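Report on one structure; see the data block that follows.
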Amino acid sequence: MKNLKRQWVFINIPGINFGRSSYGQNVTLVDVSSDVLKKSESNIQNSLGRVAKKLHKDDPAAGKKLVDDVLSRIQYTTEPQKGVQNADLVVEAIIENIDIKHKLFKSLDEAAPEKTLFASNTSSLSIAEIASVTKRLDKFGGLHFFNPVPMMKLLEVIRIPETSDETYNSMMAWGKSIGKVCITCKDTPGFVVNRLLVPYIAEAVRMLERGDASAQDIDTAMKLGAGYPMGPLELADYTGLDTGVFILEGWHKKFPDNALFNPVELQNKLVKEGKLEERVGEGFYKYT
Ligand code: CAA
């Protein structure tokens with residue numbers, strides 16, 4: 001089994017934080033723009049600050065050391081081909097567009113050493129389809145994280161038929177080494193979590209659309225009646241309404257006979273109006 005502890009590369013991870021380098025890993029963060037990288041660095045710093053405050057409540061010096069140590073293990077670059085030169089593992093988390101993912105993986109396949117494992121953090125696309133442009137299908141898999149990454153314990157590990165046992169075992173071991181609980185799912189739409197979560201949220205929006213209940217009551221019901229930490233509409237505001245629309249559209253096109261994947265008019269309307277999520281001030285709720 002490969003030891004993936006030394007060096008790994010995360011390619012474009014908007015809004016997701018880098019607690020993982022607090023497990024002693026060297027991380028190179030790659031994005032297309034240095035402005036985005038600067039913003040990512042500051043997000044990581046803030047998020048780590050929260051973690052450090054919690055872990056070292058009575059010892060600010062230890063908290064500062066934790067933050068400094070982690071930040072010192074993260075490098076930043078806008079050049080993917082350079083970023084992967086020494087990588088044991090590459091985790092891609094760019095836009096959910098198959099053509100753009102293909103272009104990136106083709107160039108990474110040429111630049112990365114033979115040993116490097118490739119993974120995609122896609123939420124809804126097929127891992128096999130993404131991997132098809134590379135010559136390392138045996139070293140390809142899916143590694144799907146959840147927001148907020150430092151808090152959410154789950155990692156979905158997806159293997160395609162060509163993924164070797166060595167690659168799969170290394171990915172599972174790596175996931176455990178960064179404190180995640182790993183589950184395995186076949187390369188099916190949405191894997192486990194999104195396959196259940198996306199239709200559930202869509203159904204909540206349809207309920208709101210019909211006027212069966214208010215947004216607040218739907219959310220309160222699922223929090224207090226089903227024990228979810230967030231209601232479905234709050235969660236949609238948190239993960240982004242456009243993400244939900246994009247996923248449903250893609251699946252509807254591929255599986256037109258599955259009514260669970262039918263587009264939801266209200267969700268499409270809010271996205272068109274720019275009411276995308278909590279971070280832009282409005283989604284299903286208004287945020288001040
Ligand atoms: N970085 C670091 N620490 C964080 C954090 C972050 N981004 N977010 C939360 N925390 C930690 C902090 O330690 C925080 O304590 P402080 O406020 O003192 O710093 C602690 O969590 C508690 O956070 P909050 O008090 O803000 O709120 P909470 O207890 O309700 O927890 C939550 C927040 C973890 C987000 C919780 O509401 C939750 O689990 N929500 C459901 C999230 C979910 O379902 N995620 C899956 C989305 S689907 C997905 O991601 C897949 C996809 O492909 C789109």
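The values are calculated or read from the model by the stated rules, or taken from the named source; none is laboratory data. Here the structure is a predicted model, which means the values were calculated and not measured. Cβ atoms come from the backbone with ideal geometry, glycine included; neighbour counts cover every protein chain shown.
General observations
- Criterion applied to ALA173, ALA119, ALA111, ALA131 was being more than 26 Å from ASP31 (Cβ to Cβ) and among the small types (Gly, Ala, Ser), and the one residue passing it is ALA173.
- The set of residues in region 250-278 that are within 15 Å of the ligand (Cβ to nearest atom) and of a type in the set (D, E, K, R) comprises GLU277, GLU278.
- GLU265 vs. criteria touching a Leu at 6+ places or on another chain (Cβ under 6 Å) and over 20 Å from SER123 (Cβ atoms): no
- Taking the numbered list (1) out of contact with any Phe, Trp or Tyr (no Cβ under 8 Å at 6 or more places or on another chain); (2) within 16 Å of GLY190 (Cβ to Cβ) in turn, PHE261 passes all entries but (1).
- Count of region 63-84 residues which are closer than 16 Å to GLY24 by Cα and loosely packed, with under 13 Cβ neighbours inside 10 Å: 2
- Extreme residue, farthest from the ligand (Cβ to nearest atom), among residues of region 122-149 that are under 20 Å from ASP88 (Cβ atoms) and part of a loop (DSSP other than H, G, I, E, B): LYS135
- Screening LEU224 on (1) at pLDDT 95 or above; (2) in a helix (DSSP H, G or I); (3) hydrophobic (A, V, I, L, M, F, W, C); (4) surrounded by 15 or more Cβ atoms within 10 Å (Cβ to Cβ) shows it passes everything except condition (4).
- Within region 152-166, the residues that satisfy the criterion of being closer than 13 Å to SER126 by Cα and either away from the ligand (no atom under 16 Å from the Cβ) or polar (S, T, N, Q) (or both) are ARG159, ILE160, PRO161.
- Residue in region 223-249 that is nearest to GLU96 (Cα to Cα), counting only those that are within 13 Å of the ligand (Cβ to nearest atom), over 19 Å from the mean Cα position of the chain (by Cα) and among the small types (Gly, Ala, Ser): GLY231
- Per the conditions (1) over 30 Å from ILE130 (Cα atoms); (2) in contact with a helix residue (DSSP H, G or I) (Cβ under 8 Å, 6 or more places away or on another chain); (3) free of Cβ contacts under 8 Å to residues at least 40 places away in the same chain; (4) not basic (Lys, Arg), the sole criterion not satisfied by VAL280 is (2).
- Selection of first residues in region 53-68 that are within 21 Å of GLU41 (Cβ to Cβ) and of second residues that are of a type in the set (A, V, I, L, M, F, W, C) and away from the ligand (no atom under 12 Å from the Cβ), restricted to Cβ pairs under 9 Å at least 6 apart or on distinct chains, gives the following pairs, ordered by first then second residue: LEU55/ALA62; LEU55/LEU66.
- Residues that are surrounded by 22 or more Cβ atoms within 10 Å (Cβ to Cβ) and free of Cβ contacts under 8 Å to residues at least 40 places away in the same chain, drawn from region 231-244: GLY231, PRO232
- The condition of being assigned to a helix (DSSP H, G or I), farther than 25 Å from MET152 by Cβ and touching a Phe, Trp or Tyr at 6+ places or on another chain (Cβ under 8 Å) holds for only one of LEU233, LEU266, LEU248, LEU208, that being LEU208.
- Where strands (runs of 3 or more DSSP E) fall wholly inside region 7-80, the ranges with 2 or more residues that are under 20 Å from the mean Cα position of the chain (by Cα) and at pLDDT 90 or above are 26-30, 74-77.
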